[in-house]
1. Given 0.36 nm per residue, what is the gain on full extension from residue 26 to residue 87 after removing their alpha carbon distance, in nm?
2. Contact order normalised by length for segment 6-116, with contacts defined as Cα pairs under 8 Å and 6 or more residues apart; what percent is it?
3. Suppose the chain between residue 44 and residue 15 were pulled fully straight at 0.36 nm per residue; how much longer would it get relative to their current alpha carbon spacing?
4. If you restrict to DSSP beta bridges whose two residues both lie in segment 6-116, what percentage is antiparallel, to the nearest 5?
5. Considering every Cα-Cα pair within segment 37-117, what fraction, in whole percent, is farther apart than 17 Å?
6. Mind sorting 53, 18 by how few other Cβ atoms lie within 10 Å of their own Cβ, fewest first?
7. Calculate, for residue 53 and residue 103, the FRET efficiency according to 1/(1 + (r/R0)^6) with r their C-beta to C-beta distance and R0 25 Å; round to the nearest 0.05.
8. Let's test this: bin the Cα-Cα distances of segment 1-77 at 10 Å from zero up to the farthest pair and state each bin's percent.
């Protein structure tokens, strides 16, 4: 059974993504479950959240908290609240137009993450 309180689903085959996931695990003091979507079946994903698919998880990181799904930039924004040092900086990510910039950065990371290894 997969815990469903706070789950980060990421691409476990991407070295850059794996490094970031390990960093998040350390910074959040193991408060969240961090799972690679490659290790989950479609039914496992559906049991976590009804909208999750492998295709969706391959496209961007997914954060599930208390039944709500946050993709990409919005996932990062939610996770930063769990990280002691970064929670105060996180307030800046809620300023007007910042989400658009954040989504653009996440799109760039998605396209070029294999080159960041």
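Quick note: the coordinates plus some simple rules give every number you see, no bench work behind them. Here the structure is a predicted model, which means the values were calculated and not measured. Don't worry about glycine lacking a Cβ; one is built from the backbone with ideal geometry, like all the others, and counts go over all protein chains shown.
1. Stretched fully, the residue 26-residue 87 segment lengthens by 20.5 nm.
2. 27
3. Numbers: separation 29, 0.36 × 29 = 10.44 nm, distance 2.32 nm.
Length gained between residue 44 and residue 15: 8.1 nm.
4. 65
5. Here the tail beyond 17 Å accounts for 55 percent of pairs.
6. 53, 18
7. Numbers: r = 20 Å, r/R0 = 0.80.
Between residue 53 and residue 103 the formula returns 0.80.
8. Calculated over all Cα pairs of segment 1-77, the distribution is 20, 60, 20 percent.
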